[in-house]
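The values are calculated or read from the model by the stated rules, or taken from the named source; none is laboratory data. Quick caveat, the model's predicted, so the values are computed rather than measured. Here the Cβ positions follow ideal geometry from the backbone for every residue, glycine too, while neighbour counts run over all protein chains shown. To get the accessible areas, we keep the full protein, side chains included, count just its heavy atoms, and leave off ligands, DNA and RNA. Shrake-Rupley method; radii C 1.70, N 1.55, O 1.52, S 1.80 Å.
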Protein chains: 2
Amino acid sequence: MSTEAPSDAPITDAPRPEARGPRGFQDRRGPDLIAERRIVERVSAVYERWGFEPLETSAFEYADALGKFLPDADRPNEGVFALQDDDDQWMALRYDLTAPLARYAAQNWETLPKPFRRYAFGPVWRNEKPGPGRFREFIQCDADTVGSDRPEADAEILALAVEGLTAAGLDRDQAQIKVSNRKLFDGLFGAGGIDDPAQRLTALRAIDKFDRLGWEGVSALLGEGRLDESGDYTKGAQLPTVVISTVERFLASAGQANLSRADTLAAVAGAGDLGAAGEEALKELQAIDAALGIMGVDQTAVRFDPTVVRGLEYYTGVVFEAELLLPTTDDKGRPVRFGSIGGGGRYDDLVARFTGQSVPATGFSFGVSRLAAALRASGRDPAGEARGPVVVIAFSDADMAHYLGAVAELRAAGIAAELYLGRAGMKAQMKYADRRGAPVAVMLGGDEIAAGTVTLKDLDAGRRLSQAVSDNAEWKQARPGQQTLPRDQMVAAIRAILEGSSISD
Amino acid sequence: MSTEAPSDAPITDAPRPEARGPRGFQDRRGPDLIAERRIVERVSAVYERWGFEPLETSAFEYADALGKFLPDADRPNEGVFALQDDDDQWMALRYDLTAPLARYAAQNWETLPKPFRRYAFGPVWRNEKPGPGRFREFIQCDADTVGSDRPEADAEILALAVEGLTAAGLDRDQAQIKVSNRKLFDGLFGAGGIDDPAQRLTALRAIDKFDRLGWEGVSALLGEGRLDESGDYTKGAQLPTVVISTVERFLASAGQANLSRADTLAAVAGAGDLGAAGEEALKELQAIDAALGIMGVDQTAVRFDPTVVRGLEYYTGVVFEAELLLPTTDDKGRPVRFGSIGGGGRYDDLVARFTGQSVPATGFSFGVSRLAAALRASGRDPAGEARGPVVVIAFSDADMAHYLGAVAELRAAGIAAELYLGRAGMKAQMKYADRRGAPVAVMLGGDEIAAGTVTLKDLDAGRRLSQAVSDNAEWKQARPGQQTLPRDQMVAAIRAILEGSSISD
């Protein structure tokens, strides 16, 4: 591409570096990569059909623009990969796609269509301790609407998330989005006289642990504090007992399985005094329910669930969490959780961080690898029956022209094909074709070339027959799935094999 | 996605950061982004049809694995974005896709199909001074064959590059790949008694400037040295006059326009003593020419040109440079250059840096933005006639159900559509529809809803007519491209408009 001048360092004298990728980063290839690409393609098609336009921001942002919204990020730049530019400004790789969107929207607000619907996918980076299945770089896919305070905007994001997950390959009953509203707690705390923001935040953090700790652990963390199994003591939110009781009723209010969205709202409203903010939250959820109904989103695909809090502090209203429901059940026959595959909510203050001007926004995000893993766990491989190319075998240097001609003819006919370009013998080449997942091997030996013929080996048929025939000697004689035919019938015959037509042996 | 706990920093009290992206980075949106995506899609389809499989490596590599192959990279980590991991190891963002491929191939050599054909696209990062059109992050797209020393592998890469550029949208006569072989200079220097590697490198750097400086400048740099316009003196390679003369004859040997590949090789062979390495280089180029002929790559799409050197030091044999030939001509009627849009070559020692074991490799790379710019310069916009979604106008909060129903119906019919979700009036909504590039605005006012009808506004027809009709008052009365029809005919009528059928006013 560029016209760089060579540098002085000779290659050969340098000490040999070890061939390894950095800790916590992965290389992706083959079916895993194809699966992720198919997810992104299918979801993008849905998002564009819903009027969300693509946007790609840069990998780096200025550190102050990213803000400190990562968990446990007490030190500056904790949790992100940051470096100082030559003008001494700190830059960091984005840790999600929401912070860059807020920066972009603030920067371009005047010229954007408003409301601004955009989707984005791409890598994000987290400077965390790597672990099994825990990577420091992964692909996220987000859809957001910036500049609409309407509950219909939230409902649209939810309906879009359902449609996107379905397009990616999940059955409608394999995923569920649980929805709540941060303002329910604002109202509940307000009515209980809890006004200290720090105390509220500690209480919210406790409630966010409901899934893991159950009510017993949460109530301890809402009150005095909790001693965990390891002996560590966590100081609690010091809420009065009466407020803790309201929270308990509130969280339990929608505990029955399969409540409709409207019934959940009724149960929540009956749990106690939710204050003005809580009443507003209920109205928003009612409007969302109505819009979801019109858009045909059924009661199991999107549920209301007051236990959903979402950790990120920038959410200001509706919050949602998408869960995979594996078709496995516990001993009582109830579905068992695979866990979260995405989430989102309303963040009305994120653009105002830059401009001071309030710009309401709402969105949904999922991790592409996580969804691919969920699809595999549910028995669907989005990579499907991805096949390798037809492989043309190279017998002799003198006949390269014949091989090249065959492979060019196949490619021109739209058939994925390649010529073996190594220097190994026949056996290694057949192994190569197998590793490549080739459906057919094309053999143009000296005899075939002299006779104007070609031999095709249907490798799938060969694999099937080698399982079916027990006598190995007999099998070898039979040359399963192999046929010799006039050279000018090659393309048609291969097309027939690829289309699943069986051939006579 | 994740279940982060909230952090303590309140949003609202923080000082306001400025909304701007880091210097030298860009956000991409709209037609520019769509154009780049189409290029990547089309080229990927070709690369897969040719048996190249996708690979995505991580953004980071260990600094020692990347190596110091960037130009002017004298200080450690110069030219790259590097940072120290918490275990003190230096990591850097990849500056191209070749170095990570070499690392990946070395790391996984045992389990890879050999030869290993892979393609890749994705961002690369250069820590350079930003300038107009010069970005520090850009998308590259590469195809490489690792593990084949056959000239047919080089020929395949060249034929693939031609087919890829054509698929991206360039006419066959708009791009040309110029090919040479580093070993020609190895042989020429060897025959001239120039054995010092540093002296050879200085000479190669000088020859690499042929395009910019012409023979006069190059000959000064091959000899004593050169004083440039700014008064800076560059010390030369100190070659003997007789060797400089040979280089001159060599570079001039293929100066005639439109020599065939075979004729170029004959002219080069006649330029002087090319030594053993030079003879080997000629044989490789002859084999490449033969393979290109079989693959139907014509003489103008891929030419041999001995002035091509390529800056990157890791090339060991064949080198190529892809140029856009704009359909503009100079005063002698000859095509004028747009410049390089890609390049590549053979790099047989890059995997051996890690393993010590020689693994021959060859590949081609282009910059996606650069190619998009080239396409625009040649009068083709790969984004084509990309249209926005149908926009449903929101008249009244009370009728949201009707709007939501219409937009859901359009999306279900596969028509990109969206509901205006802001709170502005009719005029602002029509401006919004215009900014979104909407082909149709759907209007469900109170009258329409009561009558069971819908009004559709063909915005393209409106734009055409507003240009054709001079009398503004008359135009307004005519309501061009607007029709009211039964609500249940909405989808069919919009489909007719989208398919270009005109409607009666």
Note on region A:358-400: residues in contact (Cβ under 8 Å) with a residue 12 or more places away in the chain, more than 10 Å from chain B (Cβ to nearest Cβ), more than 23 Å from residue A:164 (Cβ to Cβ) and of a type outside the set (A, V, I, L, M) are A:387, A:395, A:396, A:399
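This table checks each residue for (1) closer than 30 Å to residue A:87 by Cβ; (2) open to solvent by 10 Å² or more (accessible area, probe 1.4 Å); (3) more than 7 Å from chain A (Cβ to nearest Cβ); (4) small (Gly, Ala, Ser).
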| site | (1), (2), (3), (4) |
| --- | --- |
| B:22 | yes, no, no, no |
| B:29 | yes, yes, no, no |
| B:32 | yes, yes, yes, no |
| B:35 | no, no, yes, yes |
| B:42 | no, yes, yes, no |
| B:52 | no, no, yes, no |
| B:58 | yes, no, no, yes |
Within region B:49-64, residues being modelled with pLDDT under 95 and either within 19 Å of the chain's Cα centre (by Cα) or of a type in the set (Asp, Glu) (or both) number 1
Selection over region B:131-146 where residues are at the interface with chain A (Cβ under 10 Å from one of its Cβ atoms) and part of a loop (DSSP other than H, G, I, E, B) yields a count of 2
Across (1) assigned to a strand (DSSP E or B); (2) over 36 Å from the mean Cα position of the chain (by Cα); (3) over 24 Å from residue A:118 (Cβ atoms), residue B:366 clears everything bar (2)
Checked region B:340-357 for anything open to solvent by 10 Å² or more (accessible area, probe 1.4 Å), at the interface with chain A (Cβ under 9 Å from one of its Cβ atoms) and in contact (Cβ under 8 Å) with a residue 12 or more places away in the chain; matches are B:340, B:349, B:353, B:354, B:355
In region A:160-181, residues that are under 19 Å from residue A:309 (Cβ atoms) and not in a helix (DSSP H, G or I) total 6
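For region B:106-125, enumerate the residues that are open to solvent by 10 Å² or more (accessible area, probe 1.4 Å) and at the interface with chain A (Cβ under 9 Å from one of its Cβ atoms).
Correct list: B:106, B:107, B:108, B:109, B:111, B:114, B:123.
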Considering region A:166-181, residues that are of a type in the set (A, V, I, L, M, F, W, C) and open to solvent by 10 Å² or more (accessible area, probe 1.4 Å), and then whichever is modelled with the highest pLDDT, we arrive at A:167
Note on region A:81-104: residues more than 9 Å from chain B (Cβ to nearest Cβ) and in a loop (DSSP other than H, G, I, E, B) are A:88, A:94, A:95, A:97
Among the residues of region A:155-163, are any open to solvent by less than 10 Å² (accessible area, probe 1.4 Å), in contact (Cβ under 8 Å) with a residue 12 or more places away in the chain and acidic (Asp, Glu)?
yes
So, first residue among the hydroxyl-bearing types (Ser, Thr, Tyr) in region B:441-457, second residue in a strand (DSSP E or B), Cβ within less than 6 Å, six or more apart or across chains; the pairs are B:453/B:484; B:453/B:486; B:455/B:443; B:455/B:484
Those helices (runs of 4 or more DSSP H) completely within region A:448-505 that have 2 or more residues that are out of contact with any Lys or Arg (no Cβ under 8 Å at 6 or more places or on another chain), small (Gly, Ala, Ser) and modelled with pLDDT of 95 or more are A:490-498
- Query: If you go through region A:410-418 one residue at a time, do you hit one that is in a helix (DSSP H, G or I), free of Cβ contacts under 8 Å to residues at least 12 places away in the same chain and surrounded by 14 or more Cβ atoms within 10 Å (Cβ to Cβ)?
  - Reply: yes
Listed by range, helices (runs of 4 or more DSSP H) wholly within region A:182-228 having at least 1 residues that are open to solvent by less than 10 Å² (accessible area, probe 1.4 Å) and free of Cβ contacts under 8 Å to residues at least 24 places away in the same chain are A:210-222
Residue pairs qualifying under the 6 Å Cβ cut-off, at least six apart or on distinct chains, with the first in region B:250-273 being more than 17 Å from residue B:290 (Cα to Cα) and the second being assigned to a helix (DSSP H, G or I) and among the basic types (Lys, Arg), are B:271/B:249; B:272/B:249
Exception for residue A:244 within (1) without any contact (Cβ under 8 Å) to a residue 60 or more places away in the chain; (2) buried (at least 17 other Cβ atoms within 10 Å of the Cβ); (3) outside the structural domain of residue A:277 (by TED's automatic domain parsing) falls at (3)
Within region A:425-446, residues being hydrophobic (A, V, I, L, M, F, W, C) and not in a helix (DSSP H, G or I) number 6
Residue B:148 meets each of (1) of a type in the set (S, T, N, Q); (2) open to solvent by 10 Å² or more (accessible area, probe 1.4 Å); (3) modelled with pLDDT of 95 or more with one exception, condition (2)
Of the residues in region B:425-439 that are open to solvent by less than 40 Å² (accessible area, probe 1.4 Å) and not basic (Lys, Arg), the one that is farthest from the other protein chains (Cβ to nearest Cβ) is B:439
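Here is a yes/no grid of residues against (1) on the phi > 0 side of the Ramachandran plot; (2) open to solvent by 20 Å² or more (accessible area, probe 1.4 Å); (3) assigned to a strand (DSSP E or B); (4) not aliphatic (A, V, I, L, M):
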position: B:268; (1), (2), (3), (4): no, no, no, no
position: B:278; (1), (2), (3), (4): no, no, no, yes
position: B:283; (1), (2), (3), (4): no, yes, no, yes
position: B:293; (1), (2), (3), (4): no, yes, no, yes
position: B:298; (1), (2), (3), (4): no, yes, no, yes
position: B:303; (1), (2), (3), (4): no, yes, yes, yes
position: B:306; (1), (2), (3), (4): no, no, no, yes
position: B:316; (1), (2), (3), (4): no, yes, no, yes
